[in-house]
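Student: One structure, pasted below without further comment.
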Amino acid sequence: MSQPQQIQALEALRDWWAEMGVEADEAEIRALTKAARANAAPEDAASPARRPRTIPREKRHEDWVEEARNLSRAAASFSDLKSAIEGFDGCLLKEAARHAACFDGVEGAPVMVIGEGPGAEEDKQGLPFVGRAGQLLDRMLGAIGLSRATNVFITNVNYWRPPGNRNPSDEELALCRPFVDRMIEIGQPKLIIAAGGVSAKSLLQASIGIMKLRGTEQKLETPGGYSAPLFPIFHPAFLLRRPEEKSRAWRDLLQIQERFEALS
Ligand code: URA
């Protein structure tokens, strides 16, 4: 097997484990990948997509957050923001990720869905909510007349896949937050849906969990002064594991539909 094939096989193995719910040892995978790259023949090493990416660590966390704020402020459009996120080196998750999953759907749509972060399929495609949970999300939105093809914009509170699909840490969320806020300011959605506890708690800086937050209307205000009603809902991945919660999720969707109609 050539070195690039070995690296691809390692990445495929990691994704397979993640799909099966097995926590891969990321440090081990990284060490094996690094060793394969170090041994690569010159022609193998030529592919830019396969070159090792090492993020410089000379800055402190607060400096990276400040840099994220500056980059976000300078962005005037979604495509500016996408370039800024993809070029941002402050989040270590980027080292192991294949792509940043920035956003999908209609730019400037009246409804914005914000999830917690990419999984294996999102990492592969560089788009949010394109795996099994994303398919369920599409069906949930479709049931109340919403879709990413016509009236929904979809993003996450974190853009790079955490190893083994763990939750993003507070530091990782803080690094992405300026981009999330700016996305809201540029898109000016009439209504925001926070998919899952990680997203809802982080967006609202709340200490209570999704069990208490779901079914309530909250308000999100960005540093730039844009505000919109925010509705926390169960994450579709949670509903795949706990289908008995779908009746509560349905009630929440109907509440969102009613509020959205009132705003339209
Ligand atoms: N779960 C999320 O919260 N976001 C995605 O993009 C995919 C799965």
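The values are calculated or read from the model by the stated rules, or taken from the named source; none is laboratory data. Only a predicted model underlies this, so the values are computations on that prediction, with no experimental measurement involved. With ideal geometry, Cβ positions are generated from the backbone for all residues, glycine too; neighbour counts draw on all protein chains shown. These accessible areas exclude ligands, DNA and RNA; they are computed on the full protein's heavy atoms, side chains included. Shrake-Rupley method; radii C 1.70, N 1.55, O 1.52, S 1.80 Å.
Student: For segment 168-196, give me each residue that is without any contact (Cβ under 8 Å) to a residue 60 or more places away in the chain and either in a helix (DSSP H, G or I) or more than 16 Å from the ligand (Cβ to nearest atom) (or both). Steps first, answer last, please.
Tutor: If we filter segment 168-196 for residues that are without any contact (Cβ under 8 Å) to a residue 60 or more places away in the chain, which is where we start, we get 169-170, 173, 185.
Answer for segment 168-196, where residues must be without any contact (Cβ under 8 Å) to a residue 60 or more places away in the chain and either in a helix (DSSP H, G or I) or more than 16 Å from the ligand (Cβ to nearest atom) (or both): 170, 173, 185.
Student: Being of a type in the set (S, T, N, Q), surrounded by fewer than 23 Cβ atoms within 10 Å (Cβ to Cβ), assigned by TED's automatic domain parsing to the domain that holds residue 230 and near the ligand (Cβ under 10 Å from one of its atoms) is true for just one of 151, 165. Which residue is that? Walk me through how you get there before you give the answer.
Tutor: On the way: 151 fails: near the ligand (Cβ under 10 Å from one of its atoms).
Answer to the check: 165.
Student: Moving to a separate point now. Those residues that are without any contact (Cβ under 8 Å) to a residue 24 or more places away in the chain, of a type in the set (D, E, K, R) and within 13 Å of the ligand (Cβ to nearest atom), I need them from segment 121-148; list them, please.
Tutor: Those that are without any contact (Cβ under 8 Å) to a residue 24 or more places away in the chain, of a type in the set (D, E, K, R) and within 13 Å of the ligand (Cβ to nearest atom): 121, 138.
Student: Further, regarding this structure: If the requirement is being among the hydrophobic types (A, V, I, L, M, F, W, C), over 24 Å from residue 254 (Cα atoms), within 16 Å of the ligand (Cβ to nearest atom) and open to solvent by less than 10 Å² (accessible area, probe 1.4 Å), which of these qualifies: 101, 75?
Tutor: So the residue among 101, 75 that is among the hydrophobic types (A, V, I, L, M, F, W, C), over 24 Å from residue 254 (Cα atoms), within 16 Å of the ligand (Cβ to nearest atom) and open to solvent by less than 10 Å² (accessible area, probe 1.4 Å) is 101.
Student: Related question: Search segment 232-263 for residues being over 16 Å from residue 190 (Cα atoms) and acidic (Asp, Glu), and hand back the single one that is surrounded by the most Cβ atoms within 10 Å (Cβ to Cβ). Break it down stepwise before answering.
Tutor: Just the residues of segment 232-263 that are over 16 Å from residue 190 (Cα atoms), to begin with: 233-252, 254.
Now restrict to residues that are acidic (Asp, Glu): 244-245, 252.
Working: 244: 7, 245: 14, 252: 18.
Once the filter is applied, the top-ranked residue is 252.
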